[in-house]
1. Every residue in the range 48-75 that is assigned to a helix (DSSP H, G or I), crowded, with 17+ Cβ neighbours inside 10 Å and of a type in the set (V, I, T), please.
2. Quick one: in the range 55-67, which of the residues that are out of contact with any Lys or Arg (no Cβ under 6 Å at 6 or more places or on another chain) and farther than 13 Å from N7 by Cβ is modelled with the lowest pLDDT?
3. Looking at the range 11-47 only, could you name the residues that are in a helix (DSSP H, G or I) and of a type in the set (A, V, I, L, M, F, W, C)?
4. Suppose the filter is in a helix (DSSP H, G or I), open to solvent by less than 50 Å² (accessible area, probe 1.4 Å) and closer than 21 Å to Y115 by Cα; does L84 pass it?
5. Would you mind stating whether R39 is among the basic types (K, R) and closer than 17 Å to P6 by Cβ?
6. Quickly run through the range 77-107 and pick out the residues that are of a type outside the set (A, V, I, L, M, F, W, C), under 15 Å from Q58 (Cα atoms) and over 13 Å from the mean Cα position of the chain (by Cα).
7. Under 8 Å between Cβ atoms, at least 6 apart or on separate chains: pull out the pairs that start in the range 52-64 with a residue that is closer than 13 Å to A42 by Cα and end on any residue that is of a type outside the set (V, I, T) and assigned to a loop (DSSP other than H, G, I, E, B).
8. Of S41, S70, S89, which residue is closer than 24 Å to S120 by Cβ and without any contact (Cβ under 8 Å) to a residue 60 or more places away in the chain?
Amino acid sequence: MAELNPNRIIFNTAKKVYEGSLSKNDGINNLVRELNMNRGSAQMIIVQIFPKLLDGDQFTRTLSVDLFNSFLRFILEDYGTERLKNSLSALKMHIDYIKEKGDAKIKLSKIYNRYLDDLSVLDEPSIIDEIEQSEIANIL
């Protein structure tokens, strides 16, 4: 079996915690042990970012652009377009939040737009409208 890349290991671990097959503490300990990840970073991903990204909720903590890119790709692969729509909505709210705080994250916006474009090709053309409606509903 091919060795998984670190981003896939992070995603798989956070996914197991999210789905309830692994405790938060065990997930954090796995990332610390397997990847020598800082405990605080592991906790932030598993508790504060990953579940909110999947559920389409706003989050304020951030990850590297590379890790966000990998997460979006893995979400599409593992969960499909509906969950990717939720994740893009959450990412858009995050981008808006960090812009408000003075950090433009231009590369992160490019990743968001790339996946949004991919969805519009894969799905019906109204995908952008659905994501915007979801964002409005989450704000309200």
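1. I49, I75
2. So the first thing to find is which residues in the range 55-67 are out of contact with any Lys or Arg (no Cβ under 6 Å at 6 or more places or on another chain), and the list is 55-58, 60-64, 66-67.
Remaining after also requiring farther than 13 Å from N7 by Cβ: 55-58, 60-62.
On the way: D55: 97, G56: 96, D57: 97, Q58: 95, T60: 92, R61: 92, T62: 89.
Among them, the one singled out is T62.
3. To start, the set of residues in the range 11-47 that are in a helix (DSSP H, G or I) comprises 11-19, 24-35, 39-47.
Within the range 11-47, F11, A14, V17, I28, L31, V32, L35, A42, M44, I45, I46, V47 meet the criteria.
4. Yes: the conditions hold for L84.
5. yes
6. Result: D96, Y97, K99, E100, K101.
7. These pairs meet every condition: T62/K105.
8. S89
The values are calculated or read from the model by the stated rules, or taken from the named source; none is laboratory data. The structure presented is a predicted model; accordingly, all values stated were derived computationally and were not measured. With ideal geometry, Cβ positions are generated from the backbone for all residues, glycine too; neighbour counts draw on all protein chains shown. Accessible surface is based on the protein model in full, side chains and every heavy atom, while ligands, DNA and RNA are left aside. Shrake-Rupley method; radii C 1.70, N 1.55, O 1.52, S 1.80 Å.
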